[in-house]
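Structure first, commentary second.
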Amino acid sequence: MTPASALTPSDDRCPVCHEPTPAETQLWTLRSHHRTSEGEVEYCVGSCGCLVILVNGEMVKSFPVERR
């Protein structure tokens, strides 16, 4: 039998800055969205502070947070 700790999901990582994020933490928050001639544009901020821009659900631009 597998121990319970082996069944716990491993940490996820931000696809932009690769910072670890606990699996149970919501990774992205929708900040704004609007429709354009290109489709639905969404601006989302990760729990690590990174910003991504999606067009029709596809990431088209990302801005990693600068770590000091």
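Computed values, structure above
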quantity: Count of residues meeting criterion [out of contact with any Cys (no Cβ under 8 Å at 6 or more places or on another chain) and among the basic types (Lys, Arg)] in region 13-60; calculated: 2
quantity: Within region 40-61, tally of residues that are of a type in the set (Gly, Ala, Ser) and buried (at least 16 other Cβ atoms within 10 Å of the Cβ); calculated: 1
quantity: Residue within region 7-18 that is out of contact with any Ser or Thr (no Cβ under 8 Å at 6 or more places or on another chain), modelled with pLDDT of 80 or more, exposed (fewer than 13 other Cβ atoms within 10 Å of the Cβ) and outside any loop (DSSP other than H, G, I, E, B) present; calculated: no
quantity: Whichever residue in region 20-43 is in a loop (DSSP other than H, G, I, E, B) and at pLDDT 85 or above and, among such residues, is farthest from VAL55 (Cα to Cα); calculated: SER37
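The values are calculated or read from the model by the stated rules, or taken from the named source; none is laboratory data. Predicted model, so just to flag it, every value in this text is computed and none were measured. Counting neighbours? That spans all protein chains shown, and the Cβs are built from the backbone with ideal geometry, glycine included.
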